[in-house]
Protein chains: 2
Amino acid sequence: MKLATINNNTRDGKLVVVNKELTKAVEVSQIAPTMQFALDNWAKVEKDLKSVYENLNSNNVTDTIDFGTAKVLAPIPRAYHWADGSAYVTHVELVRKARNAELPESFWTDPLMYMGASDAFIGANDAIEIENEDWGIDFESEVAVITDDVPAGISPKEALNHIKLITIVNDVSLRNLIPNELSKQFGFYQSKPWTSFAPVVVTPDELTDKWQSGKLNLPLYSTLNGKLVGSPNAGVDMTFDFGQLIAHAAKTRSLMAGAVIGSGTVANQGSPTGSSCIAEVRCLEILKDGKPSTPFMKFGDRIEIEMKDIKGESIFGKINQLVKKYEHK
Amino acid sequence: MKLATINNNTRDGKLVVVNKELTKAVEVSQIAPTMQFALDNWAKVEKDLKSVYENLNSNNVTDTIDFGTAKVLAPIPRAYHWADGSAYVTHVELVRKARNAELPESFWTDPLMYMGASDAFIGANDAIEIENEDWGIDFESEVAVITDDVPAGISPKEALNHIKLITIVNDVSLRNLIPNELSKQFGFYQSKPWTSFAPVVVTPDELTDKWQSGKLNLPLYSTLNGKLVGSPNAGVDMTFDFGQLIAHAAKTRSLMAGAVIGSGTVANQGSPTGSSCIAEVRCLEILKDGKPSTPFMKFGDRIEIEMKDIKGESIFGKINQLVKKYEHK
């Protein structure tokens, strides 16, 4: 099943069921008016939503919306929990290597995770509005899952059952603000402004055998100004699967329905198919040439992020964003 | 005006207006069914809510609820943003001194702030459920404000206008999990499980001249198992006022209505009237005796946190919580 939230001039938008090809959508307000409502009541609404999805795919629904031109919001336009892991430790190792820092051995067994701003989610085609280019604007292409209610102390295996929806995200990062924030040890705050979401979220069954044990075994394509930056496989070199990430997040307290858990920048060891952020590209340049040559994003740049199924069809729709100067209102 | 959220077996509870003496409340579903709704529409609903408050205080409302026995939830039972500062730098300085660490000079000018779990808010009388006593269970008594929508890049002065509600909180901390998390530089995560709220939130005018320039000039009482731990004045030694904290939080992106911003552990230089957490008590013991003697909280302990007006009346009602073992459901 594929779901999205479209703009109806409310803060939470309107839930729609989207067909497999991402061309048509249908309102389901009689089942669940918003994505948060659906997640709050997942056990009750899932079957009805799936039935709408099947009918939509069989062309048995008349009152459809053209999804291609619909104004999408983030699937949950505002959420109660956004936790982002660094599951691809090979990426962290590379970044450390570029600045001659050791990777603590524990990083391979104890997930890195930070709490992000769940009120700063933006839609797939929204501009990335940043006040200052000098902050070092970067994208981070990631996989993310959305859970129902997760009890505290859950095991990684049990946690997998709480993954209701899957999508891809752009965890926008301000690289030049990071060193100061990390040195204070309180985590990212100003350096992680917005998080952008693909137009569509899907249930795990939609990914067939590409979704295995909490990993999504498909390449994630990041394209900057029309040029492919990388397409690492999200199922390869993922040190911690989503079950482990959720269990980490829920170790000392429960997570509420609609919690969004990110994978961190997707990366493969040695970056044979490129990278999912500019920071990694620059680290590779430092290791090769002694200095970075690729600049961070500038106003006017366009970042596209997409994942395709084995037939080459877009699964979640495309994140397609212009970087733009934030204007004070 | 005083507001609270009471349990109606929904996730968001039911908004009520509470009288000044905290004895009576009245439903206001015709104005705003939930606290989040009120904050989403503050400019529209504020006047009507204040009118109810005035009538309630003048005994001109008939259909009231006994607030003393009402089951209160956190004022916003689930929120979209929870940012906690460390505004009392004197406290941070003391903690560092106890472990022979330097305080970076920048800590006096650049606020420390971490993102907390806004889906893990609990009510004033809810038990603090923790799986393991060995995690070092501590309370942190703080002041917190709740904002309406805050644009990115706002000035500290302008930010003060976005403070709609004020209350006190207990930022529960697991001290023995903190060193490992901070060493990873990604901030607190498992070490900050629940945040507990006083029964009531109030508008700034309710605090009369005790609310000045984003600081609340009254002592905050923390009592553990019936024994006063401390009553530092929240308006003294607050290095960053709430305007500065909000401006810090909103530097690179906007904050959504209902954002909760905490002050960090209230502390006065030299701790002349005691402390607002056990960690500070232990630091003072280390500096005096070379080792700490006060243990962290155990199952069965009771923590009470309260702030009183100049007449000695409770402003927000009392946080009154039992520490209890978390049982897997």
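The values are calculated or read from the model by the stated rules, or taken from the named source; none is laboratory data. Every value quoted in this text rests on a predicted model; they were computed, and no experiment measured them. Here Cβ is always computed from backbone atoms with ideal geometry, including for glycine, and neighbour counts include all displayed protein chains. For the accessible areas, the whole protein counts, side chains as well, though only heavy atoms, and no ligand, DNA or RNA atoms are used. Shrake-Rupley method; radii C 1.70, N 1.55, O 1.52, S 1.80 Å.
Details
- Pairwise centroid distance, computed over Cα atoms, of the stretch B:56-105 with the stretch B:277-329, Å: 14 Å
- Put simply, the amide H of residue A:230, placed in the peptide plane, has neighbours under 5 Å in A:222, A:275, leaving out anything fewer than 5 places away on its chain.
- Alpha-carbon centroid distance for the pair the stretch A:110-184 / the stretch B:204-275, whole angstrom: 29 Å
- Taken along the Cα-to-beta-carbon direction at a fixed 7 Å, the label points for residue A:309 and residue A:183 span 5.0 nm.
- Structure-based [θ]222 nm, chain B - -39500 (n - 2.57) summed over DSSP H runs of at least 4, per residue, nearest 500: -5500 deg cm²/dmol
- Amide H within-cut-off set for residue A:34, under 5 Å, with H built and near neighbours excluded: A:15
- Cα gyration tensor, the stretch B:2-69 - rounded (a/c under 1.5), prolate or oblate: oblate
- Residue with peak Gaussian network fluctuation, chain A [Cα springs, cutoff 10 Å], from A:123, A:274, A:187: A:187
- The mean count of C-beta atoms from other chains within 10 Å of the C-beta of residues in B:81-87, rounded to a whole number, is 3.
- Normalised per residue, the accessible area of the stretch B:2-69 is 51 Å², obtained with a 1.4 Å probe and no contribution from ligands, DNA or RNA.
- Heavy-atom accessible surface of the stretch B:82-325: percent carbon and sulfur, 1.4 Å: 48 percent
- Within the stretch A:96-156, trypsin sites (Lys or Arg not before Pro) in DSSP loop having at most 14 other beta-carbon neighbours inside 10 Å: A:99
- Relative contact order of the stretch A:2-69, defined on C-alpha pairs under 8 angstrom at six or more residues apart (%): 33 percent
- Solvent-accessible surface of the stretch B:82-325, taken per residue with a 1.4 Å probe and all protein chains present: 34 Å².
- Calculated from backbone phi, Karplus (6.51, -1.76, 1.60) coupling profile of the stretch B:17-34 in Hz, x at Gly/Pro: 8, 10, 6, 4, 7, 6, 9, 10, 9, 9, 5, 9, 4, 6, 9, 7, x, 9
- 3J(HN,Hα) along the stretch A:263-275: 7, x, 3, 6, 8, 10, 4, x, 6, x, 10, x, 10 Hz, from the Karplus curve 6.51 cos²θ - 1.76 cosθ + 1.60 with θ = phi - 60°, whole Hz, x for Gly and Pro.
- A simple spin-label model places pseudo-atoms 7 Å from Cα toward Cβ; at residue A:108 and residue A:60 they are separated by 5.3 nm.
- Taking a ≥ b ≥ c as the square roots of the Cα gyration tensor eigenvalues, the stretch B:179-329 comes out rounded, since a/c falls below 1.5.
- For the protein assembly as shown, the convex hull spanned by the alpha carbon atoms encloses 152 Å³ per residue.
- Long-range lysine pairs (8 or more apart or interchain), the stretch A:207-313, Cα under 24 Å: 10
- For the pair residue A:41 and residue A:328, label points projected 7 Å from Cα toward Cβ lie 4.4 nm apart.
- 1.4 Å probe, heavy atoms, protein only - residues of the stretch A:107-140 losing at least 40 Å² accessible area vs chain alone: A:110, A:112, A:113, A:115, A:119, A:135
- Gyration tensor verdict on chain B (Cα atoms; rounded if a/c is under 1.5, prolate if a/b is larger than b/c, oblate otherwise): prolate
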